[in-house]
Amino acid sequence: MGRGVLLALVLVLAAVGSAQAQTARSHRIGFLGNSTPALEANLIGPFRDGLRQLGYIEGVNSHVEYRWAEGDYARFPGLVAELVAAKVEVIVTAGTPAALAVKTTAPATPLVMVAVGDPVGTGLVQSLSRPGVNATGLSSIAPDMEGKRLQLLRELLPKLSRVGILRNPANPFHIGSSDQAREAAQAMGIKLEFIAARSTGELADAFGAIQKGRPDALVVFADRVFLHNRRRISDFALEQRLPTAVTHQELVESGSLLSFGANYPDMHRRAAAYVDKILKGAKAAELPIEQPTSFELVINLKTAKAFGMPIPAAVLLRANRVIE
């Protein structure tokens with residue numbers, strides 16, 4: 001082969017490669033955030049890492065459209081509509097209210113849910129093994145989680161008799177959580193007082209109700225409004241010297257006493273695998289929903305010391321992480 005012919009062949013191959021690169025499909029992925037980019041950085045990071053590990057490079061063969069509700073559930077429908085208008089191929093979101101908003105507003109768009117409490121009980125899917133609707137993902141559901149958090153509080157406070165429960169009536173998952181808490185509390189001889197807060201604007205009244213009730217401890221149900229306001233809730237609990245058990249580790253990092261629940265950053269990383277399958281042609285309705293197999297106990301020892309509360313060695317040994 002002459003040099004001239006070889007050079008021509010190289011130029012042709014380069015042109016073909018360039019054309020293929022220009023015409024390669026760039027997938028558009030929607031991400032509906034409950035809070036803000038800063039407050040969900042610990043979740044977005046693992047999700048993006050998961051995508052990269054599967055070969056999705058933002059700006060090259062993929063693009064993620066982010067929308068942020070800033071702790072206001074009323075914004076969900078409008079934000080979902082924006083994602084649909086942006087022609088995303090799949091929407092990723094966390095929590096029951098956001099997932100329900102996507103299912104209602106954009107039923108034709110595949111949905112990957114992260115950390116939804118009870119997808120069957122709240123009507124998101126028909127079953128965990130075969131969702132039957134255009135939604136799949138990862139659930140945080142596990143038997144008697146609220147009972148386990150109450151039991152942890154009882155281990156730390158043997159004389160525990162009255163517990164306040166901060167819940168969001170706008171979150172359908174809290175119906176089942178309330179039933180769990182009532183059943184466990186009855187077995188332990190603990191009296192519960194439920195305090196409602198549907199939005200950031202209702203937290204002040206909720207705090208006032210908690211102060212008036214003077215419980216021995218507080219349980220905060222898993223909710224993205226509460227996660228968005230984690231610093232405010234944790235500061236209130238510290239000011240009131242109120243031992244608080246939560247689901248999300250972020251509240252413990254902000255000053256709450258302890259959390260017991262699934263690893264949410266890891267769940268966001270694993271959500272990328274569901275996105276990959278859907279972009280490659282899998283139907284969300286046929287992808288089984290994953291359930292957590294392990295749960296983490298995180299204790300804020302600094303907060304315990306501020307309360308003058310010794311943590312039993314048996315509890316410390318069970319902790320996956322201790323904040324000092």
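Only the coordinates and a few stated rules stand behind these numbers; no lab work does. Note that the structure is a prediction, hence the values are computed from the model and not measured. Positions of Cβ are generated from backbone atoms using ideal geometry, with glycine treated the same way; all protein chains shown enter the neighbour counts.
The label point for A85 and the one for R318, both projected 7 Å from the Cα toward the Cβ, are 5.0 nm apart. Counting only other residues whose beta carbon sits under 10 Å from that of R162, what net charge do I get with K and R as +1, D and E as -1? Here the charged neighbours net out to 0. The angle between the Cα long axis of helix 230-239 and the longest principal axis of the Cα atoms of the chain comes to about 20 degrees, rounded to the nearest 10. Excluding same-chain neighbours fewer than eight residues apart, the lysines reachable from K283 by a Cα-Cα span under 23 Å are K87, K103. The C-alpha atoms of the chain define a longest principal axis, and helix 96-105 lies at about 40 degrees to it. When a/c is below 1.5 the answer is rounded, else prolate if a/b is larger than b/c, else oblate, so apply that to the range 134-210 with a ≥ b ≥ c taken from the square roots of the Cα gyration tensor eigenvalues. Oblate shape, in that a/c is at least 1.5 and b/c is the bigger or equal ratio. Scanning residues 5 or more positions from I29 or on other chains, those with amide H under 5 Å from its amide H are H63, V64, E65, E89, with H placed 1.01 Å from N in the peptide plane. Taking amide H atoms as placed 1.01 Å from N in the peptide plane, the amide H of V120 lies under 5 Å from those of V125, each 5 or more residues away in sequence or on another chain. For the range 117-170 and the range 302-324, what is the centre-to-centre distance using only Cα atoms, to the nearest Å? Cα centroid of the range 117-170 versus Cα centroid of the range 302-324: 24 Å apart. Taking Cα Rg over 2.2 N^0.38 Å as calculated from this structure, the corresponding entry among (1) 1.05; (2) 1.17; (3) 0.99 is (2). The angle separating the long axis of helix 76-85 from the principal Cα axis of greatest extent in the chain is about 10 degrees.
Of all lysines in the structure, the ones whose alpha carbon falls short of 23 Å from that of K148, not counting any fewer than 8 places away in one chain, are K159, K191, K302, K305.
Could you tell me which of rounded, prolate or oblate describes the range 60-171, using a ≥ b ≥ c as the square roots of the eigenvalues of the alpha-carbon gyration tensor, with rounded for a/c under 1.5 and, failing that, prolate when a/b is larger than b/c and oblate otherwise? Taking the square roots of the gyration eigenvalues as a ≥ b ≥ c, the range 60-171 is prolate. For the chain, DSSP calls about 10 percent of its internal beta bridges antiparallel.
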